[in-house]
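The values are calculated or read from the model by the stated rules, or taken from the named source; none is laboratory data. Everything numeric here is computed off the predicted structure, so don't read it as measured data. Neighbour counts run over all protein chains shown; Cβ positions are idealised from the backbone, glycine included.
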Amino acid sequence: MPIDIYQSMKDTESIAPHTIFQFFDPKHGNSYFADEPGLSIDRYRVYERKDRIYVKIKGLISNLKKTLDSKKLGDFSLIKHSEDDTYLLRLSLEPHSDFFKKDTDPEKMEKMRNLLKGTTLSLTLKVPNKIVDSSARIESKKSVKWIFDISKNDDFLKNRPDIFVSFK
């Protein structure tokens, strides 16, 4: 996130502490995941470089069912396909907040674009065996990566993105 946007939003009292800004403070971010059975944080790093602020969180899921049931990582579902022994991990496409309303006011959308301009979200997922299919760029046989960059594509502001990975 551009540091100037981060500073202007961080200093606004209307920003609730449970928003994305909690993850820019390792103490608050770690506490979000602390009581999570089946999930441990291996690395939590907040740093600045070239007028941007970054948050890098690396975790290990030891119990996928418990972690998904907690909804801490979002509204994901896991389905096992017995015919080919694959699993499908997918973020629900159902909108659960006003953020993903289809009828979002164009003026509100423009404010969001300006507010988040230059912000990028990157999500990397590694699986134990082999990736079969994904809505992300496949990095290797065991790793996929989604990149959401508001300056290149703002569709995810209007619609929840289709995030899925099928793996063995």
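Residues of segment 29-43 include none that is among the aliphatic types (A, V, I, L, M) and under 19 Å from Met1 (Cβ atoms). Does Arg49 qualify as being at pLDDT 90 or above, in contact with a Pro (Cβ under 9 Å, 6 or more places away or on another chain) and among the basic types (Lys, Arg)? In short, no. Kindly evaluate Lys58 against the criterion of being modelled with pLDDT of 85 or more, closer than 28 Å to Asp155 by Cα and not assigned by TED's automatic domain parsing to the domain that holds Asp154. Judged against the criteria, Lys58 is a match.
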